[in-house]
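**Q** Pasting in a structure now, in structure tokens, and then I'll have a few things to ask.
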Amino acid sequence: MTTPQGRSAPSAGQRLFATPAHGLQAALVVLCVALTVLVAGAIVSWWLAPVGYARPTSITSPQAVPTTSPTTPPTTVKPSPTTVLVIPLGRRAIRVPILEYHYIRVNPNPRDQLGFNLSVTPTNFSAQMDWLASHGYHPITFDNLRAYFEGKAPLPARPVVLTFDDGYLDFFTTAFPILQAHRFKAVSYIVPGFLGGPRYMTPAEVTHLHRSGLVEIGSHTVDHVNLTTSSPANRSFELDASKKMLEGLLRHPVLDFCYPSGDFNAAVVAAVGHAGYVTATTELPGIELAWSARLIWPRVRVSGGETLQMFVANLGQPEPSILHSAPTSPTPSAPGPSQIRF
Ligand SMILES: [Zn+2]
């Protein structure tokens, strides 16, 4: 710019420094600018410093926040699938120990050897249930076995059936609370003619067990007779009437039977099938359950006084199971190919 006097117009700086007051004002402005530049530079270099070295973790930035956190996973990520061990459908015979109990009590008469052999003490029974729970066993019912062999549902790994013969009162007062504490299923074979007797459960107690959803009720004849020596007519009565009486009490089908004292022959087995039972258990020792032999399934007797070591040995080798990835469903629905486990 040129003035009429021919001199160049004073620059902004010249105007600022035209007076001492202007000079001081200009110096302050320069100082402020310099300070701003310095602070900005410090912030930029601080942001560029390596994570974990100079940057405080309380300051968040897109780079500093981890993509996943062990405590608060992003809501868009689905939970990991649950892996369960199952016995897949399709096997015609599987190893499942059906344990045979009678009394769960301290035998009241030390001279009664038969009573002693039939009596597992509450302490021993509790230890056996604890062992099953801590070793991956899954107590199931005959309902589960029927569903498995009919191709409806696989079984959990290490299945075991806990059966209690005769309907003794101590099943209700002693065994059932221990089973409940473990959420274990069981089977109670009832003799309707004995219900309400001094050592036996009442009809109301049997109904209570059924309604708990943990105990399956099976028949053990009306009067605990030896079916191999009964007349055909009496045999039919014992099989039919016990089934009807229990079904009337429970308002639920009763499809599972147990031969009193384990006594059976071909005619008895045929009569059991004719009466409408689907499974029947004996006192033959063994753990192999074939669907074709479902009316003479073997059992593993649990005797009074046996050690935990003997109890474990009698369970035998578990049926192989497979690792199956499934959603968070309590009952596996379809097994997939995987690694075989025992
Ligand atoms: Zn019996």
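**Q** Going by the structure shown, is F149 closer than 28 Å to A204 by Cα, away from the ligand (no atom under 16 Å from the Cβ) and at pLDDT 95 or above? Outline the logic, then answer.
**A** Details: closer than 28 Å to A204 by Cα: no; away from the ligand (no atom under 16 Å from the Cβ): yes; at pLDDT 95 or above: yes.
Answer is no for this residue.
**Q** Sticking with this one: Determine, yes or no, whether A326 is surrounded by 16 or more Cβ atoms within 10 Å (Cβ to Cβ), under 13 Å from L85 (Cα atoms) and at pLDDT below 95.
**A** Details: surrounded by 16 or more Cβ atoms within 10 Å (Cβ to Cβ): yes; under 13 Å from L85 (Cα atoms): yes; at pLDDT below 95: yes.
Spelling it out, A326 is indeed surrounded by 16 or more Cβ atoms within 10 Å (Cβ to Cβ), under 13 Å from L85 (Cα atoms) and at pLDDT below 95.
**Q** Restricting to the range 174-194, count the residues that are within 14 Å of the ligand (Cβ to nearest atom), in contact with a helix residue (DSSP H, G or I) (Cβ under 9 Å, 6 or more places away or on another chain) and not in a strand (DSSP E or B).
**A** Residues in the range 174-194 being within 14 Å of the ligand (Cβ to nearest atom), in contact with a helix residue (DSSP H, G or I) (Cβ under 9 Å, 6 or more places away or on another chain) and not in a strand (DSSP E or B): 3 in total.
Residue-by-condition table, conditions (1) touching a residue at least 12 places away in the same chain (Cβ under 8 Å); (2) of a type outside the set (S, T, N, Q):
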{"site": "F184", "(1), (2)": "yes, yes"}
{"site": "G193", "(1), (2)": "yes, yes"}
{"site": "G196", "(1), (2)": "no, yes"}
{"site": "R199", "(1), (2)": "yes, yes"}
{"site": "T202", "(1), (2)": "no, no"}
{"site": "H210", "(1), (2)": "yes, yes"}
{"site": "I217", "(1), (2)": "yes, yes"}
{"site": "E238", "(1), (2)": "yes, yes"}
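Residue-by-condition table, conditions (1) charged (D, E, K, R); (2) within 23 Å of L315 (Cα to Cα); (3) under 18 Å from the mean Cα position of the chain (by Cα); (4) assigned to a helix (DSSP H, G or I):
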{"position": "D143", "(1), (2), (3), (4)": "yes, yes, yes, yes"}
{"position": "L162", "(1), (2), (3), (4)": "no, yes, yes, no"}
{"position": "T207", "(1), (2), (3), (4)": "no, no, no, yes"}
{"position": "V225", "(1), (2), (3), (4)": "no, no, no, no"}
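**Q** In the range 211-234, what count of residues is obtained for those that are away from the ligand (no atom under 16 Å from the Cβ) and surrounded by 21 or more Cβ atoms within 10 Å (Cβ to Cβ)? If you could, list the steps in order and put the result at the bottom.
**A** Of the residues in the range 211-234, the ones away from the ligand (no atom under 16 Å from the Cβ) are 211-216, 231-234.
Still in the list and also surrounded by 21 or more Cβ atoms within 10 Å (Cβ to Cβ): 215-216.
So the answer is 2.
**Q** Does at least one position in the range 281-302 carry a residue that is surrounded by 15 or more Cβ atoms within 10 Å (Cβ to Cβ), of a type in the set (V, I, T) and farther than 18 Å from I94 by Cα?
**A** Yes, that holds for at least one residue.
**Q** If we keep just the residues of the range 240-261 that are among the small types (G, A, S) and touching a residue at least 24 places away in the same chain (Cβ under 8 Å), which is farthest from A147 (Cα to Cα)? Steps first, answer last, please.
**A** The initial filter retains those residues of the range 240-261 that are among the small types (G, A, S), namely 241-242, 248, 261.
If we keep only those that are touching a residue at least 24 places away in the same chain (Cβ under 8 Å) as well, we get 241-242, 261.
On the way: A241: 26, S242: 24, S261: 27 Å.
The extreme case among them is S261.
**Q** Sort out which residues of the range 305-319 are modelled with pLDDT of 95 or more and over 17 Å from V161 (Cα atoms), and write them in order of number. Before you say what the answer is, go through the steps one by one.
**A** First, pick out the residues of the range 305-319 that are modelled with pLDDT of 95 or more: 306-319.
The answer is E306, T307, L308, Q309, M310.
**Q** Another question, if that's okay. Which of the residues spanning the range 255-276 are part of a loop (DSSP other than H, G, I, E, B) and more than 16 Å from the ligand (Cβ to nearest atom)?
**A** Step one: filter the range 255-276 for residues part of a loop (DSSP other than H, G, I, E, B), giving 255, 259, 263-265, 275-276.
Correct list: L255, N265, A275, G276.
**Q** Filter the range 128-141 down to residues that are surrounded by 16 or more Cβ atoms within 10 Å (Cβ to Cβ) and not hydroxyl-bearing (S, T, Y) and give me whichever is farthest from the chain's Cα centre (by Cα). Talk me through it step by step, then tell me what you get.
**A** From the range 128-141, those surrounded by 16 or more Cβ atoms within 10 Å (Cβ to Cβ) are 128-129, 132, 137-141; that's our starting set.
Subset that is not hydroxyl-bearing (S, T, Y): 128-129, 132, 138-140.
Values: Q128: 18, M129: 15, L132: 13, H138: 8, P139: 10, I140: 11 Å.
Applying the filter and picking the extreme gives Q128.
**Q** Further question: Are any residues in the range 193-208 surrounded by fewer than 23 Cβ atoms within 10 Å (Cβ to Cβ) and either under 19 Å from P253 (Cα atoms) or aliphatic (A, V, I, L, M) (or both), and if so, which ones? Don't jump to the end; show me each part of the working.
**A** Taking the range 193-208 first, the residues surrounded by fewer than 23 Cβ atoms within 10 Å (Cβ to Cβ) are 193-200, 202-205, 207-208.
The answer is G193, L195, P203, A204, E205, T207, H208.
**Q** Which of the residues belonging to the range 292-307 are closer than 24 Å to P320 by Cβ and under 25 Å from the mean Cα position of the chain (by Cα)?
**A** Correct list: R299, V300.
**Q** If I go through the range 262-291 residue by residue, how many of them are over 27 Å from the mean Cα position of the chain (by Cα), within 19 Å of E150 (Cβ to Cβ) and among the aromatic types (F, W, Y)?
**A** Initial filter on the range 262-291 (over 27 Å from the mean Cα position of the chain (by Cα)): 262-277, 282-285.
Remaining after also requiring within 19 Å of E150 (Cβ to Cβ): 272-273, 276-277.
Next cut, among the aromatic types (F, W, Y) only: 277.
The number of residues fulfilling the criteria is 1.
**Q** Then there's this: Can A147 be described as out of contact with any helix residue (DSSP H, G or I) (no Cβ under 8 Å at 6 or more places or on another chain) and not in a strand (DSSP E or B)? Let's see the steps before the verdict.
**A** On the way: out of contact with any helix residue (DSSP H, G or I) (no Cβ under 8 Å at 6 or more places or on another chain): yes; not in a strand (DSSP E or B): yes.
Answer is yes for this residue.
**Q** Criterion first (part of a loop (DSSP other than H, G, I, E, B) and either within 16 Å of the ligand (Cβ to nearest atom) or touching a Pro at 6+ places or on another chain (Cβ under 8 Å) (or both)) does V106 satisfy it? Break it down into steps so the answer makes sense when it comes.
**A** On the way: part of a loop (DSSP other than H, G, I, E, B): yes; either within 16 Å of the ligand (Cβ to nearest atom) or touching a Pro at 6+ places or on another chain (Cβ under 8 Å) (or both): yes.
Taking the combined requirement at face value, the residue satisfies it.
**Q** L239: surrounded by 21 or more Cβ atoms within 10 Å (Cβ to Cβ) and either within 16 Å of the ligand (Cβ to nearest atom) or not in a loop (DSSP other than H, G, I, E, B) (or both), yes or no? Lay out the reasoning, then the answer.
**A** On the way: surrounded by 21 or more Cβ atoms within 10 Å (Cβ to Cβ): yes; either within 16 Å of the ligand (Cβ to nearest atom) or not in a loop (DSSP other than H, G, I, E, B) (or both): yes.
Spelling it out, L239 is indeed surrounded by 21 or more Cβ atoms within 10 Å (Cβ to Cβ) and either within 16 Å of the ligand (Cβ to nearest atom) or not in a loop (DSSP other than H, G, I, E, B) (or both).
The values are calculated or read from the model by the stated rules, or taken from the named source; none is laboratory data. Bear in mind that the values here come from a model prediction, so they are computed numbers and not experimental data. Every residue, glycine as well, gets a Cβ built from its backbone with ideal geometry; the counts of neighbours run over all protein chains shown.
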